[in-house]
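Notes for the one structure printed next.
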Amino acid sequence: MNTLLYQRSERKDFYVSVIIGCFMLITYIFGLLIPLTSDAGKYAAISKIICETGEWFNLTIHFEPYLEKPPLLFWITAPFYFLFGPSAFSFKLPVLLYSAIAVFSTYRFTKIYYGRQIAQTAALMLAASEFYFLFHNDIHTDSLLAANVIFSIWQMAEYFKSGKIRNMVLAGLGAGLALISKGPIGLFVPATAAISHLIYTKKFKLLFSYKVLAGAVVAVAILAAGLAGLYNQFGIEGIRFFFWDNNMGRITGQIKGHNTDYLFYFHTVIYMFLPWGILFLLSVFLEFRELFSRKLKQTGVAELYTLGGITFYWIVISVAKAKAPHYFMVLAPLMAVITAKWITTIFQNGFYAKFRTPVTVVQYFTFAVIWILLFVLSVYLFPVKNILFWAVIVLLVILFFIPGEKGNLNLLIRRSVISIVAVNFAINSHVYPQLFTYQSTIPACEIFNSESANGELLNSYLSEHRELFFYADKPGYFLYDSEDLKECLTRPGSWIYTNDQGLEEIKSTGAEIEVVKSFRHRSLSKFTLKFLMPDTREQTLKNMHLVKVLVPDNPGR
């Protein structure tokens, strides 16, 4: 009888897991359909230019050489434009597929040291984290960076256990791809992870081998291919920007940012790594405790890749003045490993049983916050009237409350995944589409695409919305200042997307223009409570204008 009940329970858990997995996949698919804005729109525009021109190395946007990011993101997305045409879907899909490398590598790395169960939990925690839901909507190079870094760390771990050269060559491949994902940080994290582990295990001499050199050669070869375009267009200054200016500029604040909150990533991780954020902080505490506690020294920790990789990079980005949530997405796989390890240990090792109740309380508090957020978003801030939407939410609620063994880790994880899937289903299927009704660049481009004549270009002035250069069929120039504007006004048939100030400046030149359409607009790069609240939302909107130059301004007047 007990065996029969156990088999029925296993079948029930399997079917529930399949249903949850399907909803997770559906949620990610909805994310692929969300339009592009901000940096993601700019990156998509660069990939579009590659597709149109066939120029893979010398990257450009709005007729200017592009310096800021290495080329891997553009190299993997542009081919999908050939398959499906330029769209948000064809830009996001390859990034999501590439991130499967991160999930698989996290599983394989974890399995080396902690076994199959913890490896499965770590992979699930990564795939069902807010990091992954959010940044496969709002695409950044950090998604590729995270995948390549954890792949490199996994292969190095395999090499230092087996000594096989193929693993070190693959580790070099991962490091090289990480370098051309976002820059030197792609080498910093796997290097500090590996060195920390080798020092801890007293095997540092393993670095001095021709096999390690072979991996380094592979990494350098890939890096050289990625830097070819930078050198062609910017010379040695482009190489210096890649290795030094871009990185030190963000640390010192000379390029971007002036945030001096050294605890920024401690409180940001709580919501960016939902629903596991607080559990991660607890896990790091326990890892340090086990590493340094004399009482526990007899057991020690199995590996130091995770703690070493997390700690040193965390320090660097915490002191840097440029801070953003996606800057520490590269650590998400390592965060998943350390969290899965300790949460499983707490529930399976009697020595840590005292932590079970606090962990359970923390997670149920997290569930409450997530579900409250879901209903606030869907009922008050952006009301949903679609019956199918609510049918899905009701089904997820039912799945959440399916009973299980009290104090069971699998039940806690299952409810965690259901909660984060539910809120992101609401965000991807309803909230984001509603938000984009306040983003005027796309409708402005649609009007331009349907009404512009041959040879006419759509330019941007006093607007940072570079997705315009993706959605416009014939994108023009990014006008930086009044001199650029004056030059643009001398070209007949120019179209300009601008704000109130830009419109007044255009009118003051005397050029004969037509305001084709004005929009009420809100940038989606940052949200404020005033914008989210329905009663005050209109007050946060500003005017944007689509202008066509009919008779050019005469610069000789």
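Points worth noting:
- Label zone of Phe84 (point 7 Å out along Cα→Cβ, amide N under 11 Å): in the stretch 31-63 this covers 31-34.
- Per-selection metrics, the stretch 66-209 (Cα): Rg and Dmax in Å: 16.2, 53
- The angle between the Cα long axis of helix 88-127 and the main principal axis of the chain comes to about 10°, on a 0 to 90 degree scale.
- Extreme residue, positive dipole direction of the chain, given options Ile427, Ile506, Ile270 (C-beta unit charges): Ile270
- Hull shadow area, averaged, the stretch 264-359 [alpha-carbon convex hull, nm²]: 6.4 nm²
- Centre separation in Å (Cα based) which lies between the stretch 86-127 and the stretch 369-448: 22 Å
- Helix axis angle, 441-451 relative to the chain longest principal axis, alpha carbon, degrees: 40 degrees
- Those trypsin sites (Lys or Arg not before Pro) in the stretch 116-222 that DSSP places in a loop and that have at most 15 other beta carbons within 10 Å: Lys164, Lys202, Lys203
- Low-density loop positions, GluC sites (Glu not before Pro), the stretch 32-85 - DSSP coil, at most 14 other Cβ in 10 Å: Glu55
- Amide H partners (placed H, <5 Å) of Asn459, local residues excluded: Gly476, Tyr477, Trp495, Ile496, Tyr497
- The lysines within cross-link reach of Lys211, meaning a Cα-to-Cα straight distance under 16 Å and a gap of 8 or more places when in the same chain, are Lys161, Lys164, Lys203.
- Cα radius of gyration and Dmax for the stretch 35-100 (Å): 10.9, 34
- The charge dipole of the chain, taken about the Cα centre with unit charges on the Cβ atoms of Lys, Arg (+1) and Asp, Glu (-1), comes to about 2860 debye, rounded to the nearest 20.
- Residues whose placed amide H lies under 5 Å from that of Ile61, excluding near-sequence neighbours: Tyr66
- 37 °C / 0.692 mPa s Stokes-Einstein diffusion coefficient of the stretch 401-457, Kirkwood radius on C-alpha pairs, µm²/s: 214 µm²/s
- FRET efficiency estimate (nearest 0.05) - Cβ-Cβ, Ile26 to Leu67, R0 41 angstrom: 0.60
- When the P(r) of the stretch 200-286 is calculated, the portion above 23 Å amounts to 60% of the C-alpha pairs.
- Straight-line cross-link reach from Lys202 at under 14 Å between alpha-carbon atoms covers these aspartates and glutamates, not counting any fewer than eight positions away in the same chain: Glu303.
- For the cross-link pairs Lys474/Lys507; Lys256/Lys530; Lys48/Lys474; Lys92/Lys182, the ones whose C-alpha atoms lie over 20 Å apart are Lys474/Lys507; Lys256/Lys530.
- Orientation-averaged projection of the stretch 411-548 equals 10.4 nm² [convex hull of Cα atoms, one quarter of hull surface area].
- Within the chain, all pairs of alpha-carbon atoms sorted by distance into 10 Å bins from zero give the percentages 3, 16, 25, 25, 17, 9, 3, 1, 0, 0.
Values quoted throughout were computed directly from the atomic coordinates according to the rules given, and no laboratory measurement underlies them. Because the structure is a prediction, the values reported are computed rather than measured. No Cβ is skipped: glycine too gets one built from the backbone with ideal geometry, and neighbour counts run over all protein chains shown.
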